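Participant: Structure provided below as structure tokens; questions to follow.
The values are calculated or read from the model by the stated rules, or taken from the named source; none is laboratory data. Just so we're clear, the structure is a prediction, and the values are computed from it rather than from any experiment. With ideal geometry, Cβ positions are generated from the backbone for all residues, glycine too; neighbour counts draw on all protein chains shown.
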Amino acid sequence: MALWVAVGFVVPAASAQTARPLSLEQALALAERASEAVAISRVGVTRAEGQQLQLRSGLLPQLSANLSYVRTLRSQFQDLARNAAPPAANTNASGSSSALDSLVSRLPFGQPNQYSLGLSFSQTLFSAPLIAQTRAAAAAGRAAAIELASTRAQLVLDVAQAYYDAALADRLVEIANATLQQAEVTLQQVTVAFRVGNRPEFDVLRARVARDTERPVLIQQQAQRDIAYVRLRQLVQLPADEPIALTDALDDASTATARTVGVAGSTIAQLAPQALAEVDERAPVREAGEAVTANEHAASAAKAERLPSVGVSSQYQRLAYPVTLFPTGDFVTNWTVGVSAQVPILSGGRIRADAQIARANLDEARLTLSQARKIAELDTRDALARLQAAEATWEASSGTVEQAVRAFQIAQVRYREGVSTQTELADAQLLFEQAQANRATAARDVRLAHLRVKLLRDLPFTAGSNAGPSLRAPAPSRPAAPSTPQTPAAPRSSAPQPLNASSQSPIGPTMPGLGAQGIRP
């Protein structure tokens, strides 16, 4: 047993000397900063806020300043004045013509230079479509904020799953390595007993085959561990070749998961009432509710297109028409104030078509909300059932390891004393391996089940799908458990959705060499 313990823990310790220590809390912080999915959701919130400001601006006063200069190269009034001018009859007529010319020179008609300085003001007094569209944009902004919280919650679950998958893979490698070393010791003992005539050659061959069988199992476990670490490095944005050492143990009662999301000491009796009471507060349900609100306002905006829009406007201008290039201060004032109303009379059926489309979108949103509520209840009960099963499995495995260790020790003594067969020893060793693997797997499952229930309010739907493929495969002598039926998730928005690691674990659902309850058959 001393050799088993030494081999099981010396190898990981040696590899961790040059590795980067990484706790789950640190992994979550790194993933939060580097996650593209979270960044995309933040961009969605920013876009929604911009759309709200864009629509709200139409209800606020508008003021703009303008400055313009126009140079007239040739005017029609010059030709008209030259062709229509009569000859002067007397001096008085000539004086009147000069005064008229002076007056005309100050008018804008045909002047070579025109300057205009002004202010333009407008204010919408009433626009029912614009008001409804602004309220719809506010609902879309709230939905974007819900989506951001949901993306963050999914990221926490994904990182925790990848972290504990890697920790579990480490544990399985330790078990496989220790099993190989024990097989080496058994082979050496049987070989010595055969040489002195205490054991038949059949026992030597059987021990050698058992030793050689453990080698590919260890290689497979190491490959699965490498895959698990690659997935974890991708989530926390670390270089693919950087060694890391996980500092949070699976069997530690005070894990980073508990510190991060507050699941320490929580039981199914404490989490279940709150989770069931918050079914309508699930993120997809709230998003669907905001979609209904937005479509209600969109339908109101479509109907309001038939109502008049009323606004007030004013323009203040200072105008100059100098003969020279630059004005000499002879500006004149032009100031207007007006009220306008617009009422559609004929639109070719466009308003009716917009209203019909808006009603159809509203009906679809309401049906989606109803569907989301049903799936939320199913998904919540699914998560609670998985938590209950994980806790029951954890409790059931609490004393199995100690019993398996004791049974294996007795089997070793019986085999050395010649009162049992090698088959009995191999069976005891197999039960010991399975008990170790079951304990580690139960620890991983109960951590993730607690975390999922704690984050359930902000998580997207995963009803009917596994929180993560278990590190177990059916043994040849036992039938595989029936798979859980898949339930379709509620329709989501067209915005890019974060990757859901709960549907694909870095550790495959079947691992060659694993038994139904542990490492291998």
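Yes or no, residue by residue, for (1) of a type in the set (Gly, Ala, Ser); (2) closer than 29 Å to residue 447 by Cβ; (3) free of Cβ contacts under 8 Å to residues at least 40 places away in the same chain:
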{"site": "336", "(1), (2), (3)": "no, no, yes"}
{"site": "342", "(1), (2), (3)": "no, no, yes"}
{"site": "346", "(1), (2), (3)": "no, no, yes"}
{"site": "368", "(1), (2), (3)": "no, no, no"}
{"site": "380", "(1), (2), (3)": "no, yes, no"}
{"site": "384", "(1), (2), (3)": "no, yes, no"}
{"site": "397", "(1), (2), (3)": "yes, yes, no"}
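Participant: Take the residues in the stretch 181-209 that are more than 18 Å from residue 420 (Cβ to Cβ) and in a loop (DSSP other than H, G, I, E, B), then tell me which one is modelled with the lowest pLDDT.
Facilitator: Across the stretch 181-209, the extreme among qualifying residues is 197.
Participant: While we're here: Quick check on the stretch 340-355. Is at least one of its residues modelled with pLDDT of 90 or more and within 30 Å of residue 280 (Cα to Cα)?
Facilitator: Yes, because at least one residue in the stretch 340-355 is modelled with pLDDT of 90 or more and within 30 Å of residue 280 (Cα to Cα).
Participant: Right, something else. Restrict the check to the stretch 220-229 and report whether at least one residue is in a helix (DSSP H, G or I) and farther than 30 Å from residue 28 by Cβ.
Facilitator: Scanning the stretch 220-229 turns up no residue that is in a helix (DSSP H, G or I) and farther than 30 Å from residue 28 by Cβ.
Participant: On the given criteria, is residue 233 free of Cβ contacts under 8 Å to residues at least 24 places away in the same chain, closer than 30 Å to residue 38 by Cβ and surrounded by 14 or more Cβ atoms within 10 Å (Cβ to Cβ)?
Facilitator: yes
Participant: If the requirement is being closer than 30 Å to residue 235 by Cα, aliphatic (A, V, I, L, M) and modelled with pLDDT of 80 or more, which of these qualifies: 53, 60, 24?
Facilitator: So the residue among 53, 60, 24 that is closer than 30 Å to residue 235 by Cα, aliphatic (A, V, I, L, M) and modelled with pLDDT of 80 or more is 24.
Participant: Looking only at the stretch 349-363, which residues are without any contact (Cβ under 8 Å) to a residue 24 or more places away in the chain and part of a helix (DSSP H, G or I)?
Facilitator: Passing the criteria: 350, 352, 353, 356, 360, 363.
Participant: Go through (1) in contact with a Ser or Thr (Cβ under 9 Å, 6 or more places away or on another chain); (2) within 24 Å of residue 447 (Cβ to Cβ); (3) in contact (Cβ under 8 Å) with a residue 60 or more places away in the chain; (4) not small (Gly, Ala, Ser) and name the single condition residue 432 misses.
Facilitator: (3)
Participant: Considering the stretch 353-393 alone, what residues qualify as being of a type in the set (Lys, Arg) and in contact with a helix residue (DSSP H, G or I) (Cβ under 9 Å, 6 or more places away or on another chain)?
Facilitator: 359, 366, 373, 381, 386
Participant: State which residue pairs qualify: first residue surrounded by 12 or more Cβ atoms within 10 Å (Cβ to Cβ) and inside the stretch 237-251, second residue of a type in the set (Asp, Glu) in any location, beta carbons under 7 Å apart, and separation of 6 or more residues or different chains.
Facilitator: Cβ pairs passing all conditions: 246/170.
Participant: Mind listing whichever residues of the stretch 449-474 are over 16 Å from residue 160 (Cβ atoms) and at pLDDT 50 or above?
Facilitator: 457, 461 - these are the residues of the stretch 449-474 that are over 16 Å from residue 160 (Cβ atoms) and at pLDDT 50 or above.
Participant: While we're here: Would you point out which residue out of 169, 153, 178, 162 is among the aliphatic types (A, V, I, L, M) and either at pLDDT below 85 or surrounded by fewer than 23 Cβ atoms within 10 Å (Cβ to Cβ) (or both)?
Facilitator: Going through 169, 153, 178, 162 in turn, just one is among the aliphatic types (A, V, I, L, M) and either at pLDDT below 85 or surrounded by fewer than 23 Cβ atoms within 10 Å (Cβ to Cβ) (or both): 153.
Participant: Tally time: how many residues in the stretch 307-348 are surrounded by 10 or more Cβ atoms within 10 Å (Cβ to Cβ), in a loop (DSSP other than H, G, I, E, B), within 54 Å of the chain's Cα centre (by Cα) and of a type outside the set (A, V, I, L, M)?
Facilitator: Selection size over the stretch 307-348: 3.
Participant: From the list 323, 310, 279, 332, pick out the single residue that is aliphatic (A, V, I, L, M) and at pLDDT 90 or above.
Facilitator: Criteria check complete, one pass: 310.
Here's the yes/no breakdown for (1) more than 29 Å from residue 68 (Cβ to Cβ); (2) of a type in the set (Ser, Thr, Tyr):
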residue	(1), (2)
329	no, no
334	no, no
340	no, yes
349	yes, no
363	yes, no
367	yes, no
372	yes, no
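Participant: Looking at the stretch 427-465 only, could you name the residues that are under 18 Å from residue 155 (Cα atoms) and either assigned to a helix (DSSP H, G or I) or among the polar types (S, T, N, Q) (or both)?
Facilitator: Hits for the stretch 427-465 are 444, 445, 447, 448, 449, 450, 451, 452, 453, 454, 462, 465.
Participant: Now, a different point. Taking the criterion of being in a helix (DSSP H, G or I), surrounded by 20 or more Cβ atoms within 10 Å (Cβ to Cβ) and either at pLDDT 95 or above or of a type in the set (A, V, I, L, M, F, W, C) (or both), would at least one residue in the stretch 128-135 satisfy it?
Facilitator: yes
Participant: Across the stretch 414-426, what is the number of residues that are part of a helix (DSSP H, G or I), without any contact (Cβ under 8 Å) to a residue 12 or more places away in the chain and either surrounded by 12 or more Cβ atoms within 10 Å (Cβ to Cβ) or touching a Ser or Thr at 6+ places or on another chain (Cβ under 9 Å) (or both)?
Facilitator: Total satisfying the criteria: 2.
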